[in-house]
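Visitor: Pasting in a structure now, in structure tokens, and then I'll have a few things to ask.
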Amino acid sequence: MKVAFISGTSIVNSALFASWETKTIDTPYGSVTYKTKGDFALINRHGYGYPLPPHSINYRANIRGLADLGYTDIVSLNSVGSLKKDLPPGTLVSCSDYVGLQQGPATFYDKELKGGAAGIANNLMPLLIGKLTPEFTIHSGKVYVQMRGPRFETKAEIKIVQHWGDVVGMTAAHEADLCGEIGLRYNSFAIIDNYANGLEGTEIDFSNFKDAVKSNQILVNRLFTRILEILA
């Protein structure tokens, strides 16, 4: 099955894709570095050098590059914070909808009064979740709240947005918007690396966040190993 993956900080630290061939594709929005093996392609949304912060990611180039390579099915893994007490760090979720009110969307329609089909297709999720069970528990049907970044949200902001959805992040809404505009099917996985700032008495900063990502690395590696086996 021809599938492309978009992932982030966990892939920077993983040796799982070390043997994959590294290539570059040029798009009207800039060049994109990706890794490939067989029918699979992988983009690290933060890049393969010094990790780009969310507001500096070239979302349009990433999505256009995958479309130009002939991919229509996209599986994304996003690092998120939990907005719910019953979704602790280490939990895997799949989001079926999102909120992206805080900033203008990433769009291919700079010169047209036009919009794409907003939403998350999740067309591969029944297959993936069915095959990943019982090794993995995936909490599906969750709502992703996208915030501006690159800083983490204040405690006051979290008190507001925790009523909007289940998890909070800085990237998925842009990717889903662009996939909807260009006809790609976006599938959502997210791993909860931390409670959102102030939830459950936590304090969040980048040092704590990086430690949380490291603690979930084995889980992410195993998840991707199984996904590749299922889709092969």
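The values are calculated or read from the model by the stated rules, or taken from the named source; none is laboratory data. The model shown is predicted, which means the values in this text are computed figures rather than measured ones. All Cβ positions, glycine included, derive from the backbone under ideal geometry; neighbour counts span all protein chains shown.
Visitor: Tally time: how many residues in the range 173-204 are among the polar types (S, T, N, Q) and in a strand (DSSP E or B)?
Guide: The number of residues fulfilling the criteria is 3.
Visitor: Give, as residue ranges, the strands (runs of 3 or more DSSP E) completely inside the range 29-82 that count at least 1 residues that are hydrophobic (A, V, I, L, M, F, W, C) and over 22 Å from I138 (Cβ atoms).
Guide: 30-37, 40-44
Visitor: Hey, can you tell me all the residues within the range 32-53 that are surrounded by fewer than 19 Cβ atoms within 10 Å (Cβ to Cβ) and over 16 Å from L228 (Cβ atoms)?
Guide: Of everything in the range 32-53, those that are surrounded by fewer than 19 Cβ atoms within 10 Å (Cβ to Cβ) and over 16 Å from L228 (Cβ atoms) turn out to be T33, G47, Y48, G49, Y50, P51, L52, P53.
Visitor: Can you name every residue in the range 101-121 that is touching a residue at least 40 places away in the same chain (Cβ under 8 Å) and among the hydrophobic types (A, V, I, L, M, F, W, C)?
Guide: A106, F108, A117, A118, I120, A121 - these are the residues of the range 101-121 that are touching a residue at least 40 places away in the same chain (Cβ under 8 Å) and among the hydrophobic types (A, V, I, L, M, F, W, C).
Visitor: Here is a follow-up. Report yes if L66 is buried (at least 20 other Cβ atoms within 10 Å of the Cβ) and aliphatic (A, V, I, L, M), otherwise no.
Guide: So L66 fits the description; yes.
Visitor: Give the range 70-129 a look and list any residue that's modelled with pLDDT of 95 or more, over 28 Å from I204 (Cβ atoms) and of a type in the set (S, T, Y), or say none.
Guide: Result: Y71, T72.
Visitor: Which one of the conditions (1) touching a Leu at 6+ places or on another chain (Cβ under 8 Å); (2) surrounded by fewer than 17 Cβ atoms within 10 Å (Cβ to Cβ); (3) not in a loop (DSSP other than H, G, I, E, B) does A156 fail to meet, given that it meets all the rest?
Guide: (1)
Visitor: Shifting gears a bit: Restricting attention to the range 16-28, which residues are in a loop (DSSP other than H, G, I, E, B) and farther than 15 Å from G47 by Cα?
Guide: Result: L16, S19, W20, P28.
Visitor: Within the bounds of the range 15-36, is there any residue that is on the phi > 0 side of the Ramachandran plot, in contact (Cβ under 8 Å) with a residue 24 or more places away in the chain and not polar (S, T, N, Q)?
Guide: yes
Visitor: Return the only residue of Y98, Y71 being under 23 Å from R185 (Cα atoms), touching a residue at least 40 places away in the same chain (Cβ under 8 Å) and buried (at least 22 other Cβ atoms within 10 Å of the Cβ).
Guide: Criteria check complete, one pass: Y98.
Visitor: Can you confirm whether the range 139-156 contains a residue that is touching a Ser or Thr at 6+ places or on another chain (Cβ under 9 Å) and within 23 Å of A15 (Cβ to Cβ)?
Guide: no
Visitor: Restricting attention to the range 89-116, report how many residues are among the aliphatic types (A, V, I, L, M) and more than 29 Å from A196 (Cβ to Cβ).
Guide: 1
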